[in-house]
Amino acid sequence: MSASKPTPTAAPTAPATVGHAGPGSQSAETPYRILIVEDDRGQALFAQSVLHGAGMQAEVQMQPDGVLEAIQRFHPDLVLMDLHMPGKDGMSLTLLIRQQPEYLHLPIVFLTGDPDPERQFEVLESGADDFLNKPIRPRHLIAAVSNRIQRARQRQSPAPRATLNTDTGLPTRTYLLQQLGATLQDKVGGGLFFVEIGSALSLRERYGYAVFEQLMNQAGRRLADVSAPHPVARLNDNSFLCLSTGVDEGGLEAQAERLRDGLTGNSFDVRDNETLNLRASIGYTPLSPGFADAGSALEATERAVLQARLRGNNLAAYAPAQVAEDAPRISLEDGQFELAYQPIVAVAGSDQAQYQVLLRMRQADGSLLPASQVIPAAESAGGIAQIDHWVLEHALFVLAERQAKGPSLRLFVSQSPRTLARESHGQWLLQTLAERGIEGTSLVIDLRMADALIHTVTLRDFCNQLMPAGVQFCLSQFEPGREADALLTQLPLSYLRVASRYASAHTDPTLRDELRSVIDQAHRAGLQVIGQQIEDPQAAAAMWMGGVDFIQGNLVQAVGSELGFDFHNAVL
């Protein structure tokens, strides 16, 4: 890091030194902590002395391979990094840091003497928050570092939240998930129970919304009585979550039975002189396996309750997915990720440029693996969150770059429910959209129907978190069915992509009628419909006659690495 060394001038000072509060919990009075990553000892010590002189704590790390260990030990508020270093340069180190979920929001600032604007865009694309041009005066360095840390700490300060829901009298969902996170962190064990009330749609249609809400509130209070002293929170319209901390995990099935019987064996008042007995399915999991976070544990119970629906006793314990021994092995470490794009074209014509973003992995032998092979391998290896973040980060960079040039662009980006369950992922996305000035409507998150059926609660919470920013959502691979149809009202969707089998509707009258029914249903729900894998004019004509809004497939344009499709002159 080369920096000019003018006569020292007065500079803003950091807060007075007090004990360090640990990562992510610094108070406003804690001294600012900066990790300096620099291979030139003289330059590193100079930057350290400047920051020390302003009352900050600064540590030097000269070996790139030791950066992650230094971050874990030192808990910096900010990483100040030289862009050009031998071995791993600053951008590759930033990508490595951003692959760790706990460091998604750690401010990273580069010092660079490279005036090339394209290089500066690459710096931001790698995940850095800012870059400072060299040479830089000490007071400017101090001001830039102080302002960036101050803003980061303000974002970290949690707003006070109520612990009780005034409508239900139960703990809030947020409070219970916080308790779950603390339980997982403390490794005290116990169990988590997902209770799903059956026939919710029928009940709401029969009795109306007000009576349905009264019924669910009664059910919640009954569950709380049976579960006491363990807390119960309402998750969504017809689901509840019970957290039993410190109990014998060998007794979780018996506790699930008590919850089920306490609910189903009780009559609930719905109208004058009319009572009702409810049905419930319960999925549960022990906490001892050591889930990474509350979202992962919640996902496990959501998977379990899907199995519970199919069983005679309506109970199911979570069983981790097993990878078949004969399944192909994919080395994620040896491959290189790439993005490809396929245009989504309006059948009525439009200048709006929009593409589906598709993940590919190029192996060492040059062959390309599609997302259908890469994603399962990443999920089994526990690396899906890092891949999703990489894909979304690159998509946001493309959106920011195109938005700066003028023409509007919309990208459809798939994300795993495991990633969307992480609260930090949504916070990072909101922050990135705001900082880069990206219009939220230019981003559409693709949600696979198979995932949405299992993770409805998780996905709806993520959607509600992102909707205020204008982000839109698409339900992909749609097949009609009672539970699938319910998703159209349970999730705040804008688009629906029908399953690929409907591309052959022109050859099958029954399938053609089913397609028309799906499209009509989606339009009644206010959704726009995308037909995919359209390979020939006959398939496109059937989609058009059925009322589809957009089509994509090789008839329009094959998957490619460029964003140059002419939407204005496209003729279908």
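The values are calculated or read from the model by the stated rules, or taken from the named source; none is laboratory data. A quick note: this is a predicted structure, and the numbers were derived from the prediction, not measured. Every residue, glycine as well, gets a Cβ built from its backbone with ideal geometry; the counts of neighbours run over all protein chains shown.
Yes or no, residue by residue, for (1) modelled with pLDDT of 90 or more; (2) among the β-branched types (Val, Ile, Thr):
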| site | (1), (2) |
| --- | --- |
| GLY283 | yes, no |
| GLU299 | no, no |
| ARG303 | no, no |
| ASN314 | yes, no |
| GLU325 | no, no |
| ASP334 | no, no |
| ILE344 | yes, yes |
| ASP351 | no, no |
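May I ask you to list pairs of residues, at least six apart or on different chains, whose Cβ atoms are under 8 Å apart, with the first in segment 184-210 being in a helix (DSSP H, G or I) and the second being at pLDDT below 95 and aromatic (Phe, Trp, Tyr)?
LEU184/PHE291; ALA200/PHE212; LEU203/PHE212; ARG204/PHE212
How many residues are buried (at least 20 other Cβ atoms within 10 Å of the Cβ) and among the charged types (D, E, K, R) if we restrict to segment 66-81?
Here the count works out to 1.
Any chance you could count how many residues in segment 431-476 are within 29 Å of ARG153 (Cβ to Cβ), of a type in the set (Val, Ile, Thr) and at pLDDT below 90?
Total satisfying the criteria: 1.
If a residue has to be touching a residue at least 24 places away in the same chain (Cβ under 8 Å) and assigned to a loop (DSSP other than H, G, I, E, B) to count, how many in segment 113-128 make the cut?
5
Name the single residue, out of those in segment 114-148 being among the polar types (S, T, N, Q) and at pLDDT below 80, that is surrounded by the fewest Cβ atoms within 10 Å (Cβ to Cβ).
GLN120
Quick check on my filter: what residues within segment 518-540 are of a type in the set (S, T, N, Q) and under 32 Å from the mean Cα position of the chain (by Cα)?
Result: GLN521, GLN528, GLN532, GLN533.
At least 3 residues that are under 26 Å from the mean Cα position of the chain (by Cα) and modelled with pLDDT of 85 or more in each: list the helices (runs of 4 or more DSSP H) lying fully within segment 1-112 that qualify.
67-74, 90-98
Based on this model, can you work out whether ILE551 counts as over 26 Å from PRO492 (Cβ atoms) and either touching a helix residue (DSSP H, G or I) at 6+ places or on another chain (Cβ under 6 Å) or surrounded by 21 or more Cβ atoms within 10 Å (Cβ to Cβ) (or both)? It would help to see each step written out before you state the result.
Values: over 26 Å from PRO492 (Cβ atoms): no; either touching a helix residue (DSSP H, G or I) at 6+ places or on another chain (Cβ under 6 Å) or surrounded by 21 or more Cβ atoms within 10 Å (Cβ to Cβ) (or both): yes.
Criteria not met by ILE551.
If I filter segment 485-504 down to residues being modelled with pLDDT of 90 or more, among the hydroxyl-bearing types (Ser, Thr, Tyr) and in a helix (DSSP H, G or I), which single residue comes out as surrounded by the most Cβ atoms within 10 Å (Cβ to Cβ)?
If we take residues in segment 485-504 being modelled with pLDDT of 90 or more, among the hydroxyl-bearing types (Ser, Thr, Tyr) and in a helix (DSSP H, G or I), then TYR502 is surrounded by the most Cβ atoms within 10 Å (Cβ to Cβ).
Take the residues in segment 175-234 that are buried (at least 19 other Cβ atoms within 10 Å of the Cβ) and hydroxyl-bearing (Ser, Thr, Tyr), then tell me which one is nearest to the chain's Cα centre (by Cα).
Step by step, filter segment 175-234, then rank; the result is THR183.
Do we find that THR285 is in contact (Cβ under 8 Å) with a residue 40 or more places away in the chain, within 27 Å of the chain's Cα centre (by Cα) and part of a helix (DSSP H, G or I) in this structure?
Details: in contact (Cβ under 8 Å) with a residue 40 or more places away in the chain: yes; within 27 Å of the chain's Cα centre (by Cα): yes; part of a helix (DSSP H, G or I): no.
Answer is no for this residue.
To keep it simple, each residue is scored yes or no on (1) under 22 Å from THR510 (Cα atoms); (2) outside the structural domain of SER350 (by TED's automatic domain parsing); (3) in a loop (DSSP other than H, G, I, E, B); (4) among the small types (Gly, Ala, Ser).
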position	(1), (2), (3), (4)
GLU535	yes, no, yes, no
GLN538	yes, no, no, no
MET543	yes, no, no, no
VAL556	no, yes, yes, no
LEU563	no, yes, yes, no
ASN569	no, yes, yes, no
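Take residues that are surrounded by fewer than 17 Cβ atoms within 10 Å (Cβ to Cβ) and tell me which of the helices (runs of 4 or more DSSP H) falling wholly in segment 382-440 contain 2 or more.
So the answer is 384-405, 423-436.
Using the structure shown, decide if ARG516 is part of a helix (DSSP H, G or I) and touching a Gly at 6+ places or on another chain (Cβ under 6 Å). Steps first, answer last, please.
On the way: part of a helix (DSSP H, G or I): yes; touching a Gly at 6+ places or on another chain (Cβ under 6 Å): yes.
Criteria met by ARG516.
Out of all the residues in segment 457-486, which are under 16 Å from GLN528 (Cα atoms) and either free of Cβ contacts under 8 Å to residues at least 12 places away in the same chain or among the hydrophobic types (A, V, I, L, M, F, W, C) (or both)?
Scanning segment 457-486 gives VAL471, PHE473, CYS474, LEU475, PHE478.
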